[in-house]
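Student: Below is one structure. I have some questions about it.
The values are calculated or read from the model by the stated rules, or taken from the named source; none is laboratory data. Predicted, not measured: the structure shown is a model, and the values here were computed from it. Methodologically, a virtual Cβ is constructed for each residue, glycine included, from the backbone with ideal geometry; neighbour enumeration extends over all protein chains shown. Remember, those area values only see protein heavy atoms, side chains included, never the ligands or the DNA or RNA. Shrake-Rupley method; radii C 1.70, N 1.55, O 1.52, S 1.80 Å.
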Amino acid sequence: MKKILIPLMLVLAIGCKQEPKKALTAQAIIDNSIADSGGKLFDDHKVTFDFRDKTYVSESIDGQRVFKRISDLDSTTIIDIKRGDDFERYMNDSLVMVHDTMAVKYANSINSVHYFVRLPYGLNDAAVNKELLGKETIEDKEYYKVKVTFDQQGGGDDFEDTYLYWFDLKTFKPTYLAYDFHADGGGQRFRKAYNERYVKGIRFVDYENYKPKNDSSGILEIGQQYNEGGLELLSKIELKNISVEKN
């Protein structure tokens, strides 16, 4: 019986052959991004910050996430509290009645501010649907482009809105985001993150907030609109006096 001799280098090549890398999914990109941005620290830390002329607080009370907005008007302190689907308003520590329509409006406004500050953490909520659209170049740098939509059940009043996120290929940090909205006449917004800083392990950024010069393009093309100068700066979203402490 003849012996079949296999060259040593071939044996080594076969033995060292690596499995092909699995393609990243939208879920994996977001999981990495959340981990880099603070992960579970969002759950067990109280976050306080000033935005424009108001103070915002996010904390966990009895296992439930509670969002607050505090406004000082002359001698009156107004504290708006969103706890789950419930909304309460206090004026100088006294609970006051708020019409349902206005309560929804106030609650949505509070939720919106906290949502953007906590990104990308909220992208793993149960009602969120994620789709990797591939890669896209913005300002001469390539990013993962992820589309986010929401289920009607649990997706809030604005569940029909579509969001886009552009994640760094190496760090997975969300550098740009965009969204369309239907409330108050509708429109599109594009945000560029800047002034990144970490406070006790949690990532915070400010944003340049842009809108299209015209609304002739869909939300999926807004990144290229930005590259081509088709957006105009609407405002800057800056957080001040950030404080993070254990609940």
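Student: Would you call Leu123 part of a helix (DSSP H, G or I) and either touching a strand residue (DSSP E or B) at 6+ places or on another chain (Cβ under 9 Å) or small (Gly, Ala, Ser) (or both)? Write out each step before concluding.
Tutor: Numbers: part of a helix (DSSP H, G or I): yes; either touching a strand residue (DSSP E or B) at 6+ places or on another chain (Cβ under 9 Å) or small (Gly, Ala, Ser) (or both): yes.
Yes.
Student: Under 6 Å by Cβ, and 6 or more places apart or on different chains, what pairs join a residue from segment 178-201 that is closer than 16 Å to Phe167 by Cα with one that is polar (S, T, N, Q)?
Tutor: Matching pairs, first to second residue: Arg191/Asn209; Ala193/Thr175.
Student: For segment 104-116, indicate whether the set of residues that are under 24 Å from Asn32 (Cβ atoms), open to solvent by less than 60 Å² (accessible area, probe 1.4 Å), part of a loop (DSSP other than H, G, I, E, B) and touching a residue at least 40 places away in the same chain (Cβ under 8 Å) is non-empty. If you could, list the steps in order and put the result at the bottom.
Tutor: Filtering segment 104-116 for residues under 24 Å from Asn32 (Cβ atoms) gives 114-116.
Still in the running and open to solvent by less than 60 Å² (accessible area, probe 1.4 Å): 114-116.
Applying the additional criterion that residues be part of a loop (DSSP other than H, G, I, E, B) yields none.
The answer is no; no qualifying residue exists.
Student: When you scan segment 212-229, how many residues do you find that are within 18 Å of the chain's Cα centre (by Cα) and open to solvent by 40 Å² or more (accessible area, probe 1.4 Å)? Steps first, please.
Tutor: From segment 212-229, those within 18 Å of the chain's Cα centre (by Cα) are 219-220, 222-223; that's our starting set.
This time we only want the ones that are open to solvent by 40 Å² or more (accessible area, probe 1.4 Å), so: 220.
The qualifying residues number 1.
Student: Filter segment 80-101 down to the residues that are touching a Lys or Arg at 6+ places or on another chain (Cβ under 6 Å) and within 25 Å of His45 (Cβ to Cβ) and list them by number. Let's see the steps before the verdict.
Tutor: Here is the first cut: in segment 80-101, the ones touching a Lys or Arg at 6+ places or on another chain (Cβ under 6 Å) are 80-81, 96, 98.
Matches in segment 80-101: Asp80, Ile81.
Student: Does Gly229 count as assigned to a loop (DSSP other than H, G, I, E, B) and farther than 21 Å from Tyr56 by Cβ? Walk me through it before giving the result.
Tutor: On the way: assigned to a loop (DSSP other than H, G, I, E, B): yes; farther than 21 Å from Tyr56 by Cβ: yes.
Yes; evaluated as a whole, the condition is true for this residue.
Student: While we're on this one: Among the residues of segment 158-202, how many are outside any strand (DSSP E or B), out of contact with any His (no Cβ under 7 Å at 6 or more places or on another chain) and buried (at least 18 other Cβ atoms within 10 Å of the Cβ)?
Tutor: 2
Student: Determine if segment 71-80 includes at least one residue that is open to solvent by less than 30 Å² (accessible area, probe 1.4 Å), part of a strand (DSSP E or B) and in contact with a helix residue (DSSP H, G or I) (Cβ under 7 Å, 6 or more places away or on another chain). Spell out the reasoning first.
Tutor: Here is the first cut: in segment 71-80, the residues open to solvent by less than 30 Å² (accessible area, probe 1.4 Å) are 71, 78, 80.
Among the residues that remain, those that are also part of a strand (DSSP E or B) are: 71, 78, 80.
Narrowing further to those that are in contact with a helix residue (DSSP H, G or I) (Cβ under 7 Å, 6 or more places away or on another chain): 80.
Looking for residues that are open to solvent by less than 30 Å² (accessible area, probe 1.4 Å), part of a strand (DSSP E or B) and in contact with a helix residue (DSSP H, G or I) (Cβ under 7 Å, 6 or more places away or on another chain), one finds at least one in segment 71-80, hence yes.
Student: May I pose another question? Select from segment 45-89 the residues that are β-branched (Val, Ile, Thr) and over 22 Å from Glu245 (Cα atoms) and list them in ascending order.
Tutor: If we filter segment 45-89 for residues that are β-branched (Val, Ile, Thr), which is where we start, we get 47-48, 55, 57, 61, 66, 70, 76-79, 81.
Passing the criteria: Thr76, Thr77, Ile78.
Student: For segment 31-45, name all the residues that are open to solvent by 60 Å² or more (accessible area, probe 1.4 Å) and farther than 25 Å from Asn129 by Cα.
Tutor: The first filter runs over segment 31-45 and keeps only residues open to solvent by 60 Å² or more (accessible area, probe 1.4 Å), leaving 31-32, 35, 40, 43.
Once the filter is applied, which keeps residues that are open to solvent by 60 Å² or more (accessible area, probe 1.4 Å) and farther than 25 Å from Asn129 by Cα, segment 31-45 yields nothing.
Student: Moving to a separate point now. Going through segment 81-103 one residue at a time, which ones are open to solvent by 50 Å² or more (accessible area, probe 1.4 Å), touching a strand residue (DSSP E or B) at 6+ places or on another chain (Cβ under 7 Å) and free of Cβ contacts under 8 Å to residues at least 12 places away in the same chain? Let's see the steps before the verdict.
Tutor: Here is the first cut: in segment 81-103, the ones open to solvent by 50 Å² or more (accessible area, probe 1.4 Å) are 83, 85-86, 88, 90-95, 97, 99-102.
Then keep just the ones that are touching a strand residue (DSSP E or B) at 6+ places or on another chain (Cβ under 7 Å); that gives 83, 88, 90-92, 95.
Hits for segment 81-103 are Glu88, Leu95.
Student: Moving on to the next point. Of the conditions (1) under 13 Å from Gly187 (Cα atoms); (2) surrounded by fewer than 15 Cβ atoms within 10 Å (Cβ to Cβ), Glu232 clears all except one; give me its number.
Tutor: (1)
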